[in-house]
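The values are calculated or read from the model by the stated rules, or taken from the named source; none is laboratory data. None of the values given here were measured: they were computed from a predicted structure. Virtual Cβ from ideal backbone geometry, glycine too; neighbours counted across all protein chains shown.
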């Protein structure tokens, strides 16, 4: 900085003294030269170090260079559409998070769809059942006078008699086998209730044991008989409503029913026929499961080795 100032002063001095050197009056006194030199230096100091103002002390920001649009910078319609689409896509992100202190706007519920007109329900036809009233149990002395029950115990007979049997309801008695070599009413009830998902449990009204899980020839009374509700032993709701089911424990495709099972079955069918009463002048019809199941649901129950001839000859 100092060198620059000296250089400027020298140039100014040369410029001041040059006219005098070229003028014809070259003879100047020393006082005049000194006075002129001091005057020139004073003027140079005044111009070289001006006092900056307050406004000039603060640096001003440089103005931004404006981008001049050119014909090639004009966005095409497709680019403009993409830009607008991008701005619309960013709008939910900007408004998804509300500002601190601002209440969160409640979501606008979607308009409910217009109800679809439904056709009027079809008329329901109510068909009256053919049974009304209760069928009384046969008089006790009538049974005990000429029957000596070997398998039909007194407790079983009392359970059969206590049930509120309706007149003219039970038209069939259907004989089944369990298809298993062991079991009893409790085991079958668990299987039907929790595996086959039958709300009323045991599908039969009665079970006759084979000596494995219950006594040989032992008769067990199911809850469907006690409550007088539909069975679940044949593939027809209509037949389940009018047919009693008796299940003999065993697989009669491989084995024969025991003598005790056949004896218990004989006594139970005879007693049930008298208990439910006659319908149209005849006792309940005795059938094997395979003979009463609908043709579209064939079955071999109660098994190929079951004595069908004995069943049908005994209960005509």
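Assorted remarks:
- Given (1) in contact with a helix residue (DSSP H, G or I) (Cβ under 7 Å, 6 or more places away or on another chain); (2) touching a residue at least 60 places away in the same chain (Cβ under 8 Å); (3) surrounded by fewer than 20 Cβ atoms within 10 Å (Cβ to Cβ), index of the condition residue 198 fails: (2)
- Filter result for residue 210 (closer than 18 Å to residue 150 by Cβ and in contact with a helix residue (DSSP H, G or I) (Cβ under 7 Å, 6 or more places away or on another chain)): yes
- Flag for residue 295 being at pLDDT below 95 and part of a loop (DSSP other than H, G, I, E, B): yes
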